[in-house]
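The values are calculated or read from the model by the stated rules, or taken from the named source; none is laboratory data. What you see is a predicted model, and the numbers here were worked out from it, not measured in a lab. Here the Cβ positions follow ideal geometry from the backbone for every residue, glycine too, while neighbour counts run over all protein chains shown. Accessible surface areas use protein heavy atoms only, side chains included; no ligands, DNA or RNA. Shrake-Rupley method; radii C 1.70, N 1.55, O 1.52, S 1.80 Å.
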Amino acid sequence: MRRPPNIFYGVDDKPPHGVTVLSGLQHVGLISIILVYPLLVTPEAGLSSQASQDVLSLSMIVLGIGAILQVLPRGFIGARLLCPPTFTAAYLAPSLIAVKTGGLSLVLGMTAFGGVIEIGLSRVLRPLRPYFPSEISGLVVVMIGIAVGALGLRSVVGGTTSQSISEHLTVAAITLGTMVGLNIWTKGAPRLFCALFGMIVGYLIAAVAGMTTAEDFAAIHSAPFAGVPGIGHLGWSFDLGSVVPFLVAAFATCIRTMGDVTTAQKINDADWVRPDMRSISGGVLANGLSNITAGLLGTVGVSTYTSSVGLAGATGIVSRRVGFAIGGIFIVLAFLPKASAFLVIMPGPVVGAALLFSASVIFVNGLQIVTSRMLDARRTFVIGLSFMFGLAVDLQPQSFAGMPAELLPFVSSSLVLATVSALLLNAIFRLGVRRTRTLDVVPAQFNAVAVEEFIEAQGASWGARRDVIERASFNLVQSIETIIDGCNPTGMLTIEATFDEFSLDVRVSYEGAPLDLPDKRPTNEEIMASEDAQRKLAGFMLRRHADRVAATHKDGRSTILFHFDH
Amino acid sequence: MELREEIAGEVAILDVKGRIDSTTASTLGDRLSAALAMRDRRLVLDLRQLEYISSAGFRVLLLAARRADESASRLVLCGLSSKVQQLFDLGGFLDFFQIASSRDDAISAAK
């Protein structure tokens, strides 16, 4: 793992305490945007305002525990990356239905059930990996970026009138401009805490513009400075009729966590090549545990928070210590109702600006993950069509109105539909893709371009990394050229290329003398003096270019194996 | 492989397009030999459009560099794509040849 140049404090680094706490506060501000979700369920459950305040405080404890679970440095729990949770619409929708049929106790019981399902899913992700290739992970990240960006835009203009929209846009523009401007044109603290500064500026401008109402101030004023949250509202129940919606919620949350952890991995590692399934499984497991905790402590379901992952990437602070700081701050805030009330009244334009800021980072990371692999026609359609289907949910929601009720959960969001579509199309299009391909080459008719096209076409059908295919392509052409020049092959040369997600093996076999693959480079004088030394140079380059080479010669037949890690 | 020669003052520029392998290396070798046959020549080899170079191509470049030394001439390479640069690195040639980052720099270095 190599740290990218824009990361100031890597995942294992220990930033100064001040940086850690301020960075934690920055994330807490961003995460608190979604604290409103539990408060959408409590009125439906008929809870008093005091009980709702208790739910809010307990929700903060859940967020704190969830943030810490993800950054645990050892064991199988947690992504070991900075990807704290927040409440998710995936669980909110079934919770709003469940609260009507079975009250808050059903919401809590089913949320814990969703957590159990996520834990189960986390244990079977590894064998499912071939059905979830990198480009689909990238598509998931892109769709998450779009969803967060769309939510940001709605937050900016939501509830506005023709008179107030210009004020909202102005506040959002100043907030976003502060965040982006500090991020691009400053160094040190202003850059590291650009989102926090932007939110503070946004709060102030919004207050000047009159967006913070008297009720908002009254809510802060009436909240006690300190207090222990009550647990009188706790109770749990289970209903078979709610199983399907919460199963879908668990699946959608699992997909989102996979996307967020993948993004966090990529942000952390300049040499990132593929999703690390241990980290993803640990992340999904931690999120499942967070949801069991949410159910037990009396709030709605959580998922890793895309915006926090984006914020970490934008500010260059991805240290696990910040995860512990976020956890600690939330747990402390749970016992300080006045402070938490201040966070809950964040004005819409400030919320929108913060979401747009982090969505930009997520969206671009998703595009980079998609394009890190070679894409043939099959993979192009898997990604392209799924992207379009996903967008259709947002652009043409009325098209799905007449669907059977059992299918509605699959078109509940652009993220879910795009992912389900990509998984299905990928499973279908995998049919007929062979893992091993061969090509015969007649020495007298050797066409280097045809050999290059062969390996590139295979690389695209396998979804291989472009850089690995380019190395294999050079080794194939250079080895065949050298064999024809110096090994007197009789008959055809056979190329065999075998791919799995972790390696590419290319074999060249022929009747003739073995190719010399020295581990010592001939000198320039030797190369200039003889063509034999030039062929030794070729062998030396071939050996260096592959991760492993093996040459055999038996009964007059020579075989060279080039192994490339993938 | 296609070769195209230009003159910029006292500097000759040879553009190489395509592939330098065992079938094309001798053509390039002959052209370089001719260009460096006289004493005190200035030659820029622009490799912007080079797609592939094999060990045979490197040998021809080595021979040209030696000829340049012998005739008190100057040979400067430029326009290496990242892929071609990786092959120069692979063969251990990055430090041996004089390589400029741009064509203009190469012309200045050759003067």
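From the residues A:Ile331, A:Val261, A:Asn291, which one has its Cα farthest along the dipole of the range A:243-366 in the positive direction, the dipole being from +1 and -1 charges on Cβ of Lys/Arg and Asp/Glu about the Cα centre?
A:Ile331
Taking θ = phi - 60°, what integer Hz values does the Karplus form 6.51 cos²θ - 1.76 cosθ + 1.60 yield along the range A:456-470, in sequence order, with x for Gly and Pro?
After applying 6.51 cos²θ - 1.76 cosθ + 1.60, I find 5, 5, 5, x, 5, 6, 8, x, 7, 6, 4, 5, 5, 5, 5 Hz.
For the range A:336-419, what class follows from the C-alpha gyration tensor (a ≥ b ≥ c being the square roots of its eigenvalues): rounded when a/c is under 1.5, otherwise prolate if a/b is larger than b/c, else oblate?
Here the range A:336-419 falls in the oblate category.
Using amide H atoms built 1.01 Å from N in the peptide plane, name the residues 5+ places from A:Arg3, or on other chains, whose amide H lies under 5 Å from its own.
HN-HN under 5 Å from A:Arg3: A:Ala270.
Give the long-range amide H neighbours of B:Ala8: residues separated by 5 or more places, or on another chain, with amide H under 5 Å away, using H modelled in the peptide plane at 1.01 Å from N.
Long-range HN contacts for B:Ala8: B:Ile13.
For the ranges A:438-451, A:501-514, what's the packing order if you count other beta-carbon atoms within 10 Å of each residue, average per peptide, and put the highest first?
Output ranking for A:438-451, A:501-514: A:501-514, A:438-451.
In nm, what is the difference between 0.36 nm times the number of residues separating A:Glu531 and A:Phe76 and their Cα-Cα distance?
Here the segment from A:Glu531 to A:Phe76 would lengthen by 158.2 nm.
Which value, in Å², gives the accessible area per residue of the range A:246-341 when a 1.4 Å probe is used on the protein heavy atoms?
19
Amide H to amide H under 5 Å from A:Ser503: which residues, 5+ apart in sequence or cross-chain, H placed 1.01 Å off N in plane?
Close amide H contacts, sequence-distant or interchain: A:His566.
Hey, can you list the residues from the range A:463-498 whose accessible area shrinks by 30 Å² or more with all protein chains present, relative to the chain by itself (probe 1.4 Å, no ligands or nucleic acids)?
By number: A:Glu470, A:Phe474, A:Gln478, A:Glu481.
Excluding B:Ala64 itself, calculate the net charge of residues whose Cβ lies under 13 Å from the Cβ of B:Ala64, where each Lys or Arg counts +1 and each Asp or Glu counts -1.
+3
Determine the share of the range A:446-521's accessible area contributed by carbon and sulfur atoms, expressed in whole percent, with a 1.4 angstrom probe.
Of the solvent-accessible surface of the range A:446-521, carbon and sulfur hold 48 percent.
Please report, for the Cα atoms of chain B, the Rg to one decimal and the Dmax as a whole number; what are they, in angstrom?
Rg, Dmax (Cα atoms, Å): 12.5, 34.
Charges at C-beta only: +1 for Lys and Arg, -1 for Asp and Glu. How large is the resulting dipole of the protein assembly as shown about its Cα centre, in Debye rounded to 20?
For this selection, approximately 900 debye.
Which listed residue (A:Gly459, A:Cys487, A:Thr419) has the Cα farthest towards the positive end of the charge dipole for the range A:410-494, taking +1 on Lys and Arg C-beta and -1 on Asp and Glu C-beta about the Cα centre?
Looking along the dipole axis, the top candidate is A:Thr419.
Looking at the square roots a ≥ b ≥ c of the eigenvalues of the Cα gyration tensor of the range A:388-516, which shape do they give, rounded for a/c under 1.5, prolate if a/b is larger than b/c, or oblate?
It comes out prolate by the Cα gyration axes.
Of all accessible surface on the range A:98-257 at a 1.4 Å probe, what whole percent is carbon and sulfur?
Accessible surface attributable to carbon and sulfur in the range A:98-257 totals 72 percent.
When the Karplus curve 6.51 cos²θ - 1.76 cosθ + 1.60 is applied with θ = phi - 60°, which whole-Hz ³J(HN,Hα) does each residue of the range A:63-68 get, with x for Gly and Pro?
4, x, 5, x, 4, 6
Can you tally the net charge around A:Pro84? Count Lys and Arg as +1, Asp and Glu as -1, for every other residue whose Cβ sits under 15 Å from the Cβ of A:Pro84.
Residues near A:Pro84 contribute +3 overall.
Using θ = phi - 60° and the Karplus relation 6.51 cos²θ - 1.76 cosθ + 1.60, list the HN-Hα couplings for the range A:222-230 in order, rounded to whole Hz, with x at every Gly or Pro.
Ordered by residue, 3J(HN,Hα) equals 7, 5, x, 5, 9, x, 9, x, x Hz.
Heavy atoms only, 1.4 Å probe, whole protein assembly: order A:His233, A:His17 by accessible area, highest first.
The most accessible residue leads, giving A:His17, A:His233.
Could you list the residues of the range A:303-320 with an amide nitrogen less than 18 Å from a label point located 7 Å from the Cα of A:Ala189 in the Cα-to-C-beta direction?
Answer for the range A:303-320: A:315-317.
Which residues, if any, in the range A:527-554 have at least 10 Å² less accessible area in the whole protein complex than in the isolated chain, probe 1.4 Å?
Those are A:Ile527, A:Met528, A:Glu531, A:Gln534, A:Leu537, A:Met541, A:Arg544, A:His545, which lose 10 Å² or more relative to the chain on its own.
Which FRET efficiency value, to the nearest 0.05, do you get for A:Phe381 and A:Thr436 by plugging their Cβ-Cβ distance into 1/(1 + (r/R0)^6) with R0 = 22 Å?
Computed FRET efficiency for A:Phe381 and A:Thr436 comes out at 0.40.
Between the alpha-carbon centers of the range A:46-80 and the range A:220-289, tell me the distance in whole angstrom.
Between the Cα centres of the range A:46-80 and the range A:220-289 lies a distance of 10 Å.
Rg and Dmax in Å for the protein assembly as shown, alpha carbons only: what are they?
Considering the protein assembly as shown through its Cα atoms, Rg and Dmax are 31.0, 98 Å.
Give the total of Lys-Lys pairs in the protein assembly as shown with Cα-Cα distances below 27 Å; include a pair only if its members are 8 or more places apart or on different chains.
For the protein assembly as shown, the number of qualifying lysine pairs is 12.
Which trypsin sites (Lys or Arg not before Pro) in the range A:165-266 sit in a loop by DSSP (not H, G, I, E or B) and have at most 12 other Cβ atoms within 10 Å of their own Cβ?
A:Lys187
How much of the accessible area of the range A:268-411, in percent, comes from carbon and sulfur atoms when a 1.4 Å probe is used?
The value for the range A:268-411 is 73 percent carbon and sulfur by accessible area.
Accessible area lost on pairing B with A, both sides, 1.4 Å probe, Å² to nearest 100?
So the buried area, both faces added, is about 1900 Å².
Under a point-charge model restricted to the Cβ atoms of Lys and Arg (+1) and Asp and Glu (-1), what is the dipole moment magnitude of chain B relative to its Cα centre, in debye to the nearest 20?
For chain B, the charge dipole is close to 120 debye.
With point charges of +1 on the Cβ of Lys and Arg and -1 on the Cβ of Asp and Glu, referenced to the Cα centre of the range A:296-429, which listed residue (A:Gln396, A:Ser372, A:Val322) lies farthest in the positive direction of the dipole?
The listed residue farthest towards the positive side: A:Val322.
For the range A:138-228, run through the chymotrypsin sites (Phe, Trp or Tyr not before Pro) and keep only the ones in DSSP coil with at most 16 other Cβ atoms within 10 Å of their Cβ.
A:Phe225
Which Rg and Dmax, in Å, describe the Cα atoms of the range A:159-285?
Taking only Cα atoms of the range A:159-285, I get Rg and Dmax of 21.7, 55 Å.
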